[in-house]
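Please read the structure below before turning to the comments.
The values are calculated or read from the model by the stated rules, or taken from the named source; none is laboratory data. Keep in mind that what you see is a predicted model, and the values were worked out from it rather than measured. Neighbour counts run over all protein chains shown; Cβ positions are idealised from the backbone, glycine included. Areas reflect the complete protein model, heavy atoms only, side chains present, ligands, DNA and RNA absent. Shrake-Rupley method; radii C 1.70, N 1.55, O 1.52, S 1.80 Å.
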Amino acid sequence: LLCFSGDHLKVCSQGYTCCSQEMEEKYSQQSKHDFRNAVVELSNHLQNMFSSRYKKFDEFFKELLENAEKSLNDMFVRTYGRLYMQNSELFKDLFVELKRYYVGGNVNLEEMLNEFWARLLERMFRLVNPQYHFTDEYLECVSKYTEQLKPFGDVPRKLKLQVTRAFVAARTFAQGLAVARDVISKVSAVNPTPQGTRALLKMMYCPHCRGLVSVKPCYNYCFNVMRGCLANQGDLDAEWNIFMDSMLLVAERLEGPFNIESVMDPIDVKISDAIMNMQENSMQVSQKVFQGCGQPKTLAQGRTARSVSESGFTARFRPYNPEERPTTAAGTSLDRLVTDVKEKLKQAKKFWSSLPGNICNDEKMSVGTVNENECWNGSAKSRYDFAVTGNGLASQVNNPEVEVDITKPDMVIRRQIMALRVMTNKLKNAYSGNDVDFIDIS
C-alpha cells in the first residue's frame, strides 16, 4: 500500500494515510450503502413475516365465508328444496354484506342482521299463512314485530352478538398485520444525515485508510453511531410495543369468545333452528300480528291449494355428517394461525430499540466478538471510553459520535407513530367487542 500524509482528507485522520480523496469519497458512499442494507435486511425479515401472515389470515377469513355460504346453500337445498331456492337471494345477500364488511365496506353489522331477520320473517309469515293475501304495507307492519314477538327465539340476538364481535376482531386483526407491514416498509428506508454519513465512514472505513483493514469497531462505539443514525427509529419503539401488545390481546380474543370460525361454521344450523322455531310458534305469532296489524284479506278458495305442506316446508332440518363438512378454510384452522402469529408478535416487540445492537452484532460487522482493547475506537486501535447513549431522538443530545439535531424529528416517522396510535385504538375497541371504522390499507 502506498501511504502518505493525509492533509487532503475530510473525515479520516489527516496523519499518515493510505487513502486518496477519491478513495475517501468512495468509502463514504460504501458506508452509507452498507448501513442502509443492514437496516433493510433486518427490517425485511420482519416485514415479510407480517406480509405473509396478513395474506394467510386474509385468505383464511375469505375462504371461511365462502365455505359457510356453500354449506348453508347445500343444506337448505336438501332440506327445503324449491322453497329455499325461491327465497335464496335473501341468504345470498346476507353473505354479500358479511364479505363486504370484511373487505372494508361501510356496513353496519347490527342493522344489516336486523334487516335480514325482518325480511326472513316477512317471507316466512307468508308461507305459514298461505290462505291470506298480504300487501307490502301489511308485511312492513309484520317486520315491526320482530323484536317484540321473538318469532325466531333467541337465535337472532345471540347470533348478532357473536357475528359482530367475531367479524370486528377478525377484520381489525388482519388490518393490524397490514399496518405493521406498511410501517416497517416506510420506516426502514433510512437516509443518513451528512453528520450520520461522516460517523459511518469514520467507523467503517477510516481504519482501512490507516492500513488497519482487519480491525473491527469497538462494540460501544458502534452502538453510539447506530443509536445516532437511527435516533428517529428509536422513537417508534414505545408506540410499536403498545401496538404489539394490543395485537396480542385481540389474538387471544380470536382464540376464545370472538373466534370467527366457531361462529361461521355452524351458522347454517343456527339459522335453521331459528326457522324451526318460527314454524313451531307460527300460530301464536300470527295471532299476535293479526291483533296488531289487523285481520288480512282471505285469498279466493282455489288459490290457497298450494299450501305450506305441499311445498315441503314441514321438512325437518338435517345437518351435515361431520365427514361431509367442507374442509377447513385455507387448509388450516384459526387456532393454528393464531398460535403461530402470537409467537411472531412477541418476537417483534422492541424491534426498533434493538435495531442498533442487532446491526452491530451482524456478522458483516462482527463487532460483538472484538476484544475491547483491540478494536477501532474512531481514531486508533484501542479501547473505547465513552458510555452508550440512550435510545431515541432526545437522548442523542449527548451522543459523542453523531451530531443529531434533536429539534427536527423525522416527519415520515412521526406519521407512522400516528398510524400505530390510530390502529392501537381500533384494536382496543375490537378487544372490547365494539365496532371500529375501517382504514383503507390499500
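The table below lists the values:
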read-out	value
Residues being farther than 19 Å from Asn391 by Cβ, touching a Phe, Trp or Tyr at 6+ places or on another chain (Cβ under 9 Å) and of a type outside the set (Gly, Ala, Ser) - total across segment 219-250	3
Qualifying residue in segment 226-246 (condition: assigned to a helix (DSSP H, G or I) and under 30 Å from Phe95 (Cα atoms))	yes
Qualifying positions in segment 125-152 - open to solvent by 30 Å² or more (accessible area, probe 1.4 Å) and within 45 Å of the chain's Cα centre (by Cα)	Arg126, Leu127, Asp136, Glu137, Glu140, Cys141, Lys144, Tyr145, Glu147, Gln148, Leu149, Lys150
Residue match in segment 121-133 (condition: of a type in the set (Phe, Trp, Tyr) and in a loop (DSSP other than H, G, I, E, B))	no
Residue satisfying condition, being under 30 Å from Ala380 (Cα atoms), among the hydrophobic types (A, V, I, L, M, F, W, C) and touching a Lys or Arg at 6+ places or on another chain (Cβ under 7 Å), within set Leu248, Leu230, Leu212	Leu212
Residue list for segment 392-432, filter: more than 30 Å from Arg165 (Cβ to Cβ), within 27 Å of the chain's Cα centre (by Cα) and of a type in the set (Gly, Ala, Ser)	Gly392
Candidate set: segment 377-436, residues that are without any contact (Cβ under 8 Å) to a residue 40 or more places away in the chain and of a type in the set (S, T, N, Q); chosen: the one farthest from Asn108 (Cα to Cα)	Ser382
Unique match (being within 30 Å of Glu24 (Cβ to Cβ), buried (at least 24 other Cβ atoms within 10 Å of the Cβ) and over 28 Å from the mean Cα position of the chain (by Cα)) among Val225, Val213	Val225
Subset of segment 243-276 that is open to solvent by 30 Å² or more (accessible area, probe 1.4 Å) and among the small types (Gly, Ala, Ser) - its residue that is modelled with the lowest pLDDT	Gly256
Residue among Gln279, Gln291, Gln295 that alone is loosely packed, with under 11 Cβ neighbours inside 10 Å, at pLDDT 80 or above and in a helix (DSSP H, G or I)	Gln291
Test: residue in segment 185-207 that is within 36 Å of the chain's Cα centre (by Cα), surrounded by fewer than 19 Cβ atoms within 10 Å (Cβ to Cβ) and basic (Lys, Arg)	yes
Selection count, segment 74-90, where residues are without any contact (Cβ under 8 Å) to a residue 60 or more places away in the chain and open to solvent by less than 10 Å² (accessible area, probe 1.4 Å)	1
Hits in segment 136-156 - residues which are touching a residue at least 40 places away in the same chain (Cβ under 8 Å) and touching a Phe, Trp or Tyr at 6+ places or on another chain (Cβ under 7 Å)	Val142, Phe152, Pro156
Any chance Asn48 is open to solvent by 70 Å² or more (accessible area, probe 1.4 Å), within 29 Å of Cys360 (Cβ to Cβ) and not β-branched (Val, Ile, Thr)	yes
Test: residue in segment 157-168 that is outside any helix (DSSP H, G or I), touching a residue at least 24 places away in the same chain (Cβ under 8 Å), open to solvent by less than 30 Å² (accessible area, probe 1.4 Å) and of a type in the set (Gly, Ala, Ser)	no
